[in-house]
């Protein structure tokens, strides 16, 4: 009798805090690095992940500096080399890239971004639906490369929230209700059958996490 495909555990890590976190919408702009506090968050995340009884065998990161800098101490703690996965990129915010959040919140379109994101496309950029599909395809493809193992994907808040919504079976229009803090870990198991979400927005020890 053929054995069922082995499941892969994926740890989704949001990058650490930057000097502009909570103030601007950085998007895919280059040259944005972790703040000193963000660096300490990344080090703490590395310590938490190193506590796992089942050690990750690979780490992937979005191409942007802030995700690669977050991945670096994790990769070092595990003795791994960070691999770049473009599918883990931040949403393309188009002409909104680099705009101050205080100004964006005053726009009439902001209500759609928060309450009906499935209907919204950023001017000259990506739609939330396209972002979700891209992120879902990237994460599932990475998982398929490592059956029966544990892997790490370092990405950004909105892509992680959107893919968690997909794995949870939650409508995209409700994905803004999910919180993904800087350097938090969200853990999903992918493989045969439906996805299983083990943890969301964890910023405490992962030592007791039971990976099936």
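Things worth noting here:
- Relative to the longest principal axis of the Cα atoms of the chain, helix 128-145 runs at roughly 20 degrees.
- DSSP beta bridges in the chain [antiparallel fraction, %, rounded to 5]: 50 percent
- Inter-label distance, residue 197 to residue 146: 2.1 nm, where each label sits 7 Å from its Cα along the C-beta direction.
- Residue with peak Gaussian network fluctuation, the chain [Cα springs, cutoff 10 Å], from 108, 63, 147: 108
- Taking other C-beta atoms within 10 angstrom as a stand-in for reagent exposure, 84, 142 fall in the order 84, 142, fewest first.
- Nearest-ten-degree value, helix 65-78 long axis tilted from longest Cα axis of the chain: 20 degrees
- In the chain, helical runs assigned H by DSSP with n ≥ 4 each contribute -39500 (n - 2.57); averaged across all residues and rounded to the nearest 500, the mean residue ellipticity at 222 nm is -10000 deg cm²/dmol.
- Once the Cα atoms are used to define both axes, helix 157-168 deviates from the longest principal axis of the chain by about 60 degrees.
- Pair residue 81, residue 55: separation of 7 Å Cα→Cβ label points (nm): 1.7 nm
- With neighbour counts taken as other beta-carbon atoms within 10 Å, the residues 47, 131 rank, fewest first, as 47, 131.
- Here the Gaussian network model covers the chain, with springs between Cα atoms less than 10 Å apart; of 160, 152, 49, 49 fluctuates the most.
FYI, it's all coordinate maths here, none of it is from the lab. These figures come from a predicted structure and were not determined experimentally. Please note: Cβ atoms are built from the backbone with ideal geometry, for glycine as well, and neighbour counts cover all protein chains shown.
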